[in-house]
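Working notes, structure below.
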Ligand code: ADP
Ligand code: MG
Ligand code: MG
């Protein structure tokens, strides 16, 4: 996990481009079981991070991740902002300056738990946590990046058959079944983008 400033700048640009490309699809997913703004929320968040990429990339990795989390909280809004923000801020606060794979996996585990506490949600509730938990398990098992990306995508697809128990989608009860969760989808997109970059 040795990421230098050039890697961080590249990753921020790639994540921003990926969310921009799928913005409409994410909002269509959110229209089915929420209020239709998830694509716009995520795009606003990634645009804000992109605007600050030079300052962020100049920081040591932990401080950079914490800063990204702060920017995301302030810019995404809605339910997803504090959750993505918590993930990145906890990662940043927990990582040493030059984390090895074990330190990264342990810190990611604690960060995912912090997201769960923040959302008062757990596995099977049909949220972005249904991607974060399996991804964290693959990272802990030292899976290859391509494998982690596949896992994230199938985990997002698996939310389709779940009944939402948290967030706006939970208001729909049984009618939430049959639609992929937008937060799980954005989480899989970002995980895949990061993993494909790390694989190179
Ligand atoms: P909002 O629902 O406020 O419009 P977004 O549309 O940006 O926010 O984000 C919705 C996503 O946030 C959901 O698809 C889900 O993945 C995630 N989410 C919402 N509430 C929770 C929660 N309590 N715990 C975990 N994730 C949640
Ligand atoms: Mg929404
Ligand atoms: Mg909203």
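Just a few scattered comments:
- Counting beta carbons within 10 Å around each of 38, 22 and listing the fewest first gives the order 22, 38.
- Three-way shape label, the stretch 92-155, alpha-carbon gyration tensor, a/c 1.5: oblate
- Normalised by 2.2 N^0.38 Å, where N counts its residues, the alpha-carbon radius of gyration of the stretch 24-109 equals 1.20.
- For a label point 7 Å along the Cα-to-beta-carbon line of residue 5, residues of the stretch 36-70 with backbone N under 17 Å: 50-65, 67-68
- Per residue, the chain reaches -23500 deg cm²/dmol at 222 nm when only DSSP H runs of four or more residues are counted, each adding -39500 (n - 2.57).
- Length-normalised contact order for the stretch 5-199 - Cα pairs under 8 Å, 6+ apart - percent: 21 percent
- Tilt relative to the chain, helix 182-199 - C-alpha long axis, 0 to 90 degrees, to 10: 30 degrees
- On Cα atoms only, tilt of 5-33 relative to the major axis of the chain in degrees: 0 degrees
- Spin-label model distance (nm) - residue 13 vs residue 25, 7 Å beyond Cα toward Cβ: 2.3 nm
- Helix axis angle, 101-119 relative to the chain longest principal axis, alpha carbon, degrees: 40 degrees
- At q = 0.09 Å⁻¹, base-10 log of I(q)/I(0) for the chain (Debye sum, equal scatterers on each alpha carbon): -0.29
- Remark: relative contact order (the stretch 151-200) = 42 percent; criterion is Cα-Cα distance under 8 angstrom and separation of 6 or more residues.
Taken together, the values in this text are just the output of simple stated rules run on the coordinates, not laboratory data. Small disclaimer: the values here were computed from a predicted structure and weren't measured. Cβ coordinates were reconstructed from backbone atoms using ideal geometry, including for glycine residues, and neighbour counts include every protein chain displayed.
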